[in-house]
Amino acid sequence: MAAVLMHNLPLHSAVASPFVMNTERRYSIILEHSAEVLLEHALMAQIEAFWDANDTRYFGLRMEDEHSAHARVIVTDEVPDDEDLELSCL
């Protein structure tokens, strides 16, 4: 599935020059119940494109290692209960 999602991303975003040190934080989006990686080592622009394309399909649950160079965004494809939504907004 990751390959299908990646085709919408600009090539220059996915390929880094070996001569340029990239200090921008990277993110991976992981489906909670199956541990499937939906997007891997993506820049924020790629994350935003993923959400634009999938905002009705996936729901963000939490971010792990958010202060590291590579954060993991855990998502679900199951509609959360209203109570879960209220807790996530706190």
Checklist entry - When residues of region 55-84 are filtered for being surrounded by 15 or more Cβ atoms within 10 Å (Cβ to Cβ) and without any contact (Cβ under 8 Å) to a residue 24 or more places away in the chain, how many remain? => result 1
Checklist entry - Of the residues that sit in region 48-68 and are small (Gly, Ala, Ser) and over 22 Å from Asp81 (Cβ atoms), which one is modelled with the lowest pLDDT? => result Ser68
Checklist entry - Which of the residues spanning region 45-70 are in contact with a strand residue (DSSP E or B) (Cβ under 7 Å, 6 or more places away or on another chain) and among the aliphatic types (A, V, I, L, M)? => result Ile47, Leu61, Met63, Ala69
Checklist entry - When region 17-47 is examined, which residues are found to be assigned to a helix (DSSP H, G or I) and either modelled with pLDDT of 95 or more or farther than 16 Å from Glu66 by Cα (or both)? => result Ala45, Gln46
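The values are calculated or read from the model by the stated rules, or taken from the named source; none is laboratory data. What you see is a predicted model, and the numbers here were worked out from it, not measured in a lab. Methodologically, a virtual Cβ is constructed for each residue, glycine included, from the backbone with ideal geometry; neighbour enumeration extends over all protein chains shown.
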